[in-house]
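Participant: Provided herewith is a single structure, encoded as structure tokens, for subsequent inquiry.
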Amino acid sequence: MLKANCGADIPTCAKDDTGRFSNPAQTYGLPVVYPKNFGVTEEVGKMAPEAGNLLTAAFPSLTLDEANQILTDTEGPG
């Protein structure tokens, strides 16, 4: 659905996003509090397997694995 609406692949569409939510972390320039965690991506499905339920409730066509992968792929920088 996203791909069809944008007309390109999702990474290309995301790079072209200039809306106020285009910075996924919304850090507002605040410093990193725990430098050892900066840039480390945790596998959401392993750390909090139920987290994907937040997305599957709103998007029932997603499987729990797909939702957890989306959460992993969109994690902020720390």
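Only the coordinates and a few stated rules stand behind these numbers; no lab work does. Quantities reported herein were computed from a predicted structural model and do not represent experimental measurements. Heads up, the Cβs are rebuilt from the backbone with ideal geometry, glycines too, and the neighbour counts pull from every protein chain shown.
Participant: What number comes out for the charge environment of GLY52, summing +1 per Lys or Arg and -1 per Asp or Glu over other residues with Cβ under 9 Å away? If you can, show how the numbers build up before the last one.
Facilitator: Values: positive: none; negative: GLU50, ASP65, GLU66.
Residues close to GLY52 contribute a combined charge of -3.
Participant: Okay, next question. What 222 nm value per residue comes from the helices of the chain, counting each DSSP H run with n ≥ 4 as -39,500 (n - 2.57) and dividing by all residues, nearest 500 deg cm²/dmol?
Facilitator: Values: 5 runs with 32 residues, N = 78.
Value at 222 nm, helices only, nearest 500: -9500 deg cm²/dmol.
Participant: Below 20 Å, Cα to Cα, which aspartates and glutamates can LYS36 reach? Residues fewer than 8 away in the same chain don't count.
Facilitator: Filter leaves ASP73, GLU75.
Participant: Which lysines, on any chain, are close to LYS15 with Cα under 16 Å apart, when same-chain ones fewer than 8 places away are left out?
Facilitator: LYS3
Participant: Work from the charge dipole of the chain (Cβ charges, +1 for Lys and Arg, -1 for Asp and Glu, about the Cα centre) and give the residue of THR12, GLN69, PHE38 farthest towards its positive end.
Facilitator: The residue sitting most towards the positive pole is PHE38.
Participant: Modelled label-to-label distance, GLU66 and GLU43, 7 Å Cα→beta-carbon offset: nm?
Facilitator: 2.1 nm
Participant: If you take the beta carbon distance between ASN53 and ALA4 as r and set R0 to 22 Å, what does 1/(1 + (r/R0)^6) give as a FRET efficiency, to the nearest 0.05?
Facilitator: Values: r = 26 Å, r/R0 = 1.19.
Efficiency at R0 = 22 Å is approximately 0.25.
Participant: Would you list, by chain and number, the aspartates and glutamates whose Cα falls below 12 Å from the Cα of LYS46, excluding same-chain residues fewer than 8 positions away?
Facilitator: ASP65
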